[in-house]
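The structure under discussion appears below in the form of structure tokens.
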Amino acid sequence: MQGQSNFSPLQFTKSKNAEFYKVLRQRVNEYFKKENISRHANPKMVFKTICMIALYTAPFVLILTLNIQSWAVLSLWAVMGVGMAGCGLSIMHDANHGAYSKSPAVNSFIGRILVLLAGNPANWRIQHNVLHHTYTNVTNYDEDIAPPPAILRFSPHTKRYKIHRFQHFYAYFFYGLMTMMWFVSKDYTQAMRYKKLDLLKTQGLTFKSHMRNIIINKVVYASIFIALPFILSPASWYITLAGYLLMQFITGFILGIVFQPAHVVPTSTYPLPTESGDIEADWAVSQMYNTANFAQESRLFSWYVGGLNYQVEHHLFPNICHIHYKKLSTIVKSTADEFQVPYHSYKTFMGALKEHTKMLYSLGNQDIAPAIH
């Protein structure tokens, strides 16, 4: 979409394998009806919300009040990073998908926790809900596979630079810079790009109101998580600075290694639109080709990452709370097998990261990745 003056939606061909998603939705609806349960959060989800917020805020209170050794202060900042990522993965993500509660007001309120994670909810919803979930792995539409082109290459349909030969080594370092970039520059550049593409209307915003919200959010975030530690913390200023940067790096690193192995892997097909602006696949089937699960049997890992190790289920049903994904995965897998649609899943998280690293190497050393077909 770079260089475009407005957004040109693509159409997915409904004549190919459309029955798969029709049948799948029917079966998922029957599951919720049979079990007589809500698609949204339950008490376990509320408990998790409290845990994740505490994991992020409790160390912060200790940092502001305790006079302890430098290594302990840095350890608390590191725990904050784990909590910050957990809040994003397990709470904010569901809320901004409208999956946390059946109440839009509740989702909006909880979704605004992103402000305390250095991001902007409206920008996030455009990038993630409007673009990534609709056009998964479609080059020039899915911004999740559009990192700075001179640094990283996530798509076989973008230019390959010499430096990309080494991206399988250095990519993980740049993942750690993700949330810092949100705070410093990304929200502003996204706002200007989404204005140009006329996408702000999807969030009911004008450019003026959007920029005002971003600036206010940044001031609130900086006042709490940057100014207060420098003013109140008994630690030295350089320990505070190092701790803050450590927190941000850990957060970005965790987010990067959770999200990227779901899509930037050898099994992905990276569909291209035809000249008429069509994707020659049913939307749901395209999701199946370009999304992968991992570590489905790891309960603690799944609990922490907000069920995002079940990315297949999440992409097919983003408005369903992640606490239901494990149960839904059985339905999705059996239906996919029935319709001969791929269901990609890696047994372990490390196995998924290994395949992601292989894909980074392939994209960095070949003009066309071997998985494209």
Q. Does ALA95 count as crowded, with 18+ Cβ neighbours inside 10 Å and within 18 Å of ASN319 (Cα to Cα)?
A. yes
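Here's the yes/no breakdown for (1) in a helix (DSSP H, G or I); (2) among the charged types (D, E, K, R); (3) free of Cβ contacts under 8 Å to residues at least 24 places away in the same chain:
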residue: ALA336; (1), (2), (3): yes, no, no
residue: LYS354; (1), (2), (3): yes, yes, yes
residue: THR357; (1), (2), (3): yes, no, no
residue: ASP367; (1), (2), (3): no, yes, no
Q) Can you tell me which of GLU297, GLU275 is surrounded by fewer than 18 Cβ atoms within 10 Å (Cβ to Cβ), within 16 Å of LYS333 (Cα to Cα) and over 17 Å from the mean Cα position of the chain (by Cα)? A) GLU297
Q | Among residues of the range 289-313, those that are under 17 Å from ILE145 (Cβ atoms), assigned to a helix (DSSP H, G or I) and either among the hydrophobic types (A, V, I, L, M, F, W, C) or in contact with a helix residue (DSSP H, G or I) (Cβ under 7 Å, 6 or more places away or on another chain) (or both), counted | A | 1
Q) Here are SER334, SER302, SER286: which of them is polar (S, T, N, Q) and surrounded by fewer than 18 Cβ atoms within 10 Å (Cβ to Cβ)? A) SER334
Q.
Testing THR179 on (1) over 17 Å from the mean Cα position of the chain (by Cα); (2) more than 19 Å from TYR361 (Cα to Cα), one condition comes back false. Which one is that?
A. (1)
Q.
So, in the range 154-172, exactly how many residues are closer than 24 Å to LEU255 by Cβ, in contact with a helix residue (DSSP H, G or I) (Cβ under 6 Å, 6 or more places away or on another chain), not aliphatic (A, V, I, L, M) and not in a loop (DSSP other than H, G, I, E, B)?
A. 3
Q) What are the residues in the range 314-334 that are in a loop (DSSP other than H, G, I, E, B) and out of contact with any Gly (no Cβ under 7 Å at 6 or more places or on another chain), if any? A) PHE317, PRO318, ILE320, CYS321
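To keep it simple, each residue is scored yes or no on (1) surrounded by 14 or more Cβ atoms within 10 Å (Cβ to Cβ); (2) within 21 Å of PRO121 (Cβ to Cβ); (3) in contact with a strand residue (DSSP E or B) (Cβ under 7 Å, 6 or more places away or on another chain); (4) free of Cβ contacts under 8 Å to residues at least 40 places away in the same chain.
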| residue | (1), (2), (3), (4) |
| --- | --- |
| ASN36 | no, no, no, yes |
| ALA41 | yes, yes, no, no |
| LYS44 | no, no, no, no |
| PHE47 | no, no, no, yes |
| VAL79 | yes, no, no, yes |
| VAL82 | yes, no, no, no |
| LEU89 | yes, yes, no, no |
Q. Filter the range 194-208 for residues that are touching a helix residue (DSSP H, G or I) at 6+ places or on another chain (Cβ under 9 Å) and assigned to a helix (DSSP H, G or I); which is surrounded by the most Cβ atoms within 10 Å (Cβ to Cβ)?
A. TYR194
Q: At least 1 residues that are in contact with a Cys (Cβ under 9 Å, 6 or more places away or on another chain) in each: list the helices (runs of 4 or more DSSP H) lying fully within the range 30-111 that qualify.
A: 43-65, 70-87, 93-96
**Q.** Residue within the range 222-230 that is assigned to a helix (DSSP H, G or I), of a type outside the set (Val, Ile, Thr), more than 22 Å from TRP124 (Cα to Cα) and touching a residue at least 60 places away in the same chain (Cβ under 8 Å) present
**A.** yes
Q. HIS132 versus (1) within 14 Å of PRO318 (Cα to Cα); (2) touching a strand residue (DSSP E or B) at 6+ places or on another chain (Cβ under 9 Å): which is the lone unmet condition?
A. (2)
Q. If we keep just the residues of the range 86-112 that are of a type in the set (A, V, I, L, M) and more than 15 Å from the chain's Cα centre (by Cα), which is farthest from VAL258 (Cα to Cα)?
A. ALA105
Q.
Looking at the structure I just gave you, is MET247 surrounded by 14 or more Cβ atoms within 10 Å (Cβ to Cβ) and more than 18 Å from TYR56 (Cα to Cα)?
A. no
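Please specify each residue of the range 250-269 satisfying the condition of being hydroxyl-bearing (Ser, Thr, Tyr), crowded, with 23+ Cβ neighbours inside 10 Å and part of a loop (DSSP other than H, G, I, E, B).
Listed by number, the list holds a single entry, SER268.
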Q.
For the range 340-361, which positions are of a type in the set (S, T, N, Q), surrounded by fewer than 18 Cβ atoms within 10 Å (Cβ to Cβ) and within 14 Å of GLN167 (Cβ to Cβ)?
A. none
Q) Would you pick out the residues in the range 139-152 that are within 16 Å of the chain's Cα centre (by Cα) and part of a loop (DSSP other than H, G, I, E, B)? A) TYR141, ASP142, ALA146, PRO147
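Taken together, the values in this text are just the output of simple stated rules run on the coordinates, not laboratory data. None of the values given here were measured: they were computed from a predicted structure. Quick reminder, even Gly has a Cβ in these numbers, built from the backbone with ideal geometry, and neighbours come from all protein chains shown.
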